[in-house]
1. Under 19 Å Cα-Cα from Lys229, which aspartates and glutamates qualify once same-chain neighbours fewer than 8 residues away are excluded?
2. For Phe13, Phe146, what's the fewest-to-most ordering of other Cβ within 10 Å of each Cβ?
3. Per-residue ellipticity at 222 nm for the chain, helices alone: DSSP H runs ≥ 4 residues times -39500 (n - 2.57), over residue total, nearest 500 deg cm²/dmol?
4. Among Phe180, Phe115, which comes first, then next, by fewest other beta-carbon atoms within 10 Å?
5. Rounded to the nearest 0.05, what FRET efficiency do Leu105 and Ser126 have when you use their Cβ-Cβ distance and R0 = 30 Å?
6. Would you please classify the overall shape of region 17-146 from the alpha carbon gyration tensor, given that a ≥ b ≥ c denote the square roots of the eigenvalues, rounded means a/c under 1.5, and beyond that prolate means a/b larger than b/c while oblate covers the rest?
7. What percent does the relative contact order of the chain come to when contacts are Cα pairs within less than 8 Å and at least six residues apart?
8. If I stretch the segment between Glu382 and Arg219 completely, what's the gain in nm (0.36 nm per residue apart, minus their alpha carbon distance), one decimal?
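All of the numbers you see were taken from the coordinates with simple rules; none came from a lab. Not measured: the values here are computed from a predicted model. Note: ideal-geometry Cβ built from the backbone for every residue, glycine included; neighbour counts use all protein chains shown.
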Amino acid sequence: MTPEKHGFDTNNFAGSRILVVEDDIMQRLLLCSILKTQGYDVFEAEDGQHALEQINEITPDLIISDILMPRMDGFELCRTIHANPATRTIPIILVTALDTKEDILKGIDAGANEFLTKPIEPRELSLRVRNAIRSRKLYLELEEKFQELKNLEAMRDNLVHMVVHDMRSVLTGIVTTADFLQSRIKTRLNDVENGLFSNIMNNSTALMEMVSTVLDVNRMEDGKMPIEKKVSDMREILQHALDLLGITHDDKRVTYNLPDKPVWVECDPGIISRVITNLLSNAIKYTRNKEDGKVNIVLSTVNNRAIVRVTDNGQGIPESDRELIFEKYAQSSLRQQKKRYSSGLGLYFCKIAVESHGGAIGVDIGSEKGARFFFELETCKE
């Protein structure tokens with residue numbers, strides 16, 4: 001049941017639909033009479049079962065229901081309405097002759113929004129009805145705005161995906177052409193000129209990685225990126241990531257410790273390797289200009305969990321930003337605050353990649369001097 005558009009004046013709710021559910025005909029007529037004189041469109045039901053039939057036809061803005069009724073009482077009516085996603089936002093005022101705390105708590109638990117005690121006082125009825133309908137209208141308006149924002153976000157994501165997809169084709173052409181030219185004329189170039197060609201290749205490759213990350217994030221969100229899990233040794237995955245980045249035991253700035261025995265996990269080795277290279281690349285980037293810059297990678301097992309920690313002594317991450325940095329669009333807002341912890345969607349990719357494997361990722365709480373990222377996956381047998 002899709003909510004209609006509801007432009008409204010918060011002080012004028014004439015025409016709002018109210019369903020009165022009451023088995024006592026005199027009480028029902030009294031309620032209906034008061035509400036009609038105030039300009040509401042009033043509908044009647046003699047019990048909870050009849051009310052449910054009416055709700056499907058009229059989609060009321062408010063339901064006023066007695067508690068004690070045959071076939072289905074007011075509590076059960078509340079529970080049924082709020083269990084249905086199509087009707088759960090309709091406010092309900094319960095009318096009771098029993099002004100007891102137990103009845104009120106039972107009504108709240110069933111989903112009632114307000115209560116009226118018999119005998120009905122017209123002024124109180126008017127105020128409670130007005131407030132309930134105002135809340136309903138505001139909710140519908142917010143829901144409509146939220147849906148508009150979701151649609152705009154979807155349009156933006158589709159546009160970005162289309163542009164980035166085209167960018168990858170252009171970048172592929174640049175990289176291929178540059179590589180071909182360098183191979184043909186490399187011997188005729190001096191060291192500086194060959195260095196410039198290498199810069200073109202390195203920067204183009206880095207940009208290709210960013211483009212691929214954007215496309216992969218979209219695919220993972222849409223459930224279209226295949227995750228090919230197999231039992232793998234996390235030591236080999238980590239070593240592969242180190243090899244891709246050209247990190248060896250002789251590296252003075254980057255150190256790593258691997259267990260002597262295999263650490264078996266069920267995962268997609270390629271995706272987890274990219275998670276590690278992302279975390280390592282960030283750590284190296286933010287320690288590159290420090291004379292004492294250090295990065296350390298540790299693989300360990302704790303309580304049947306394989307844990308990879310990447311620690312650096314770079315700029316650090318304030319505790320207030322530690323959850324935000326893994327969100328999809330956090331980097332753009334943090335960049336406006338002159339904070340930047342990754343090159344874009346890299347950390348978000350790490351988050352959804354690890355979580356798609358049933359794992360967890362985060363930043364250890366500690367000193368703001370340096371960053372200590374970690375992720376963990378469940379271990380398994382070979």
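1. Lys229 reaches Asp216, Glu221, Glu266, Asp268, Glu355, Glu376, Glu378, Glu382.
2. Neighbour counts put them in this order, fewest first: Phe146, Phe13.
3. Result for the chain: -16500 deg cm²/dmol, rounded to the nearest 500.
4. By the 10 Å Cβ count, ascending: Phe180, Phe115.
5. Working from the Cβ atoms, E equals 0.70.
6. Rounded, since a/c falls under 1.5.
7. Averaging sequence separation for qualifying contacts and normalising by length gives 11 percent for the chain.
8. Gain in length upon complete extension: 55.7 nm.
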